[in-house]
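Visitor: Here it is, the structure, as structure tokens.
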Amino acid sequence: MSEAGAASRRTGLPHSAREAVDRTDRSLSPSCRSRPALGGGPASAVLRVACSREGFARARVFTRETLRGWSLEHRGDDAVLVVTELVSNAVTHAVPSSAAGVPEVRLGLALGPARFTLTVADPGDDAPVFNPSEGSALREHGRGLCIVDALAEEWGWAPRPPAGKTVWATLSTRPLT
């Protein structure tokens with residue numbers, strides 16, 4: 001099944017994901033920005049991700065630190081795995097097909113009352129490809145969105161006019177039992 005098919009079985013972007021998508025389109029200075037929540041802590045955070053090993057490591061640390069600030073350390077492992085898969089897909093599939101210049105990948109986290117949303121915006125226009133199959137567990141590549149699908153409450157993608165897309169996933173704030 002293609003990602004377009006997977007997106008059609010999910011409703012559109014949750015409100016908190018829309019907010020995070022909107023924030024990823026704003027200029028950032030320096031490379032990350034947080035927005036305060038009504039209770040004082042940040043309700044969202046955005047990071048420009050360098051397309052390098054160091055950029056991936058920083059995205060994972062940024063995710064853990066943001067969740068720690070929201071008292072959601074218990075969701076760190078799942079969130080870091082989802083972020084790693086989404087950022088890796090963006091760098092592998094979207095960045096090489098982007099227009100000339102320095103490609104930009106942005107990671108966003110947005111906190112809602114019962115869940116948080118992770119977004120990865122990239123310059124690619126192609127829909128993500130979701131291919132669940134019986135033999136996928138043995139494949140070396142192509143399992144990223146299957147992992148995201150297993151860990152997230154819901155996920156999908158949206159185009160970012162004039163070019164690019166944002167892939168998002170929501171995870172519950174509740175501890176796993």
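None of the figures in this text is laboratory data; all of them are computed from the coordinates on show. Not measured: the values here are computed from a predicted model. Because the Cβ atoms are built from the backbone with ideal geometry, glycine has one as well, and the counts that use them run over all protein chains shown.
Visitor: In terms of modelled amide H atoms, which long-range or inter-chain residues lie less than 5 Å from the amide H of Asp125?
Guide: HN-HN under 5 Å from Asp125: Gly164.
Visitor: Can you list residues whose amide H is under 5 Å from Val49's amide H, if they're 5+ apart or on another chain and H is modeled 1.01 Å from N?
Guide: It is Val105, Arg106, Leu107, by chain and number.
Visitor: With Cβ to Cβ distances under 14 Å as the rule, what net charge do the other residues near Arg58 carry (K, R +1; D, E -1)? It would help to have the intermediate numbers written out before the result.
Guide: On the way: positive: Arg48, Arg53, Arg60, Arg64, Arg106; negative: Glu54, Glu65.
Neighbour charge sum, excluding Arg58 itself: +3.
Visitor: For every other residue with a beta carbon closer than 12 angstrom to the beta carbon of Pro103, add +1 if it is Lys or Arg and -1 if Asp or Glu, then tell me the sum.
Guide: Details: positive: Arg48, Arg106; negative: Glu104, Asp122.
In short, 0.
Visitor: Nearest 0.05, what FRET efficiency do Ala114 and Glu65 give at R0 = 25 Å with Cβ-Cβ as r? Each step should come with its number before you reach the end.
Guide: Numbers: r = 22 Å, r/R0 = 0.87.
Result of the calculation: an efficiency of 0.70.
Visitor: Give me the net charge for the shell around Asp125: Cβ to Cβ below 10 angstrom, other residues only, Lys and Arg +1, Asp and Glu -1. Spell out each step's value before the answer.
Guide: Working: positive: Arg160, Lys165; negative: Asp122, Asp126.
Spelling it out: positives minus negatives among the neighbours equals 0.
Visitor: Still on this structure, I have one more. How large is ³J(HN,Hα), in whole Hz, for each residue of the stretch 65-76 in order, when computed from phi with the Karplus curve 6.51 cos²θ - 1.76 cosθ + 1.60 and θ = phi - 60°, using x for Gly and Pro?
Guide: 5, 5, 5, 4, x, 9, 6, 10, 4, 5, 9, x
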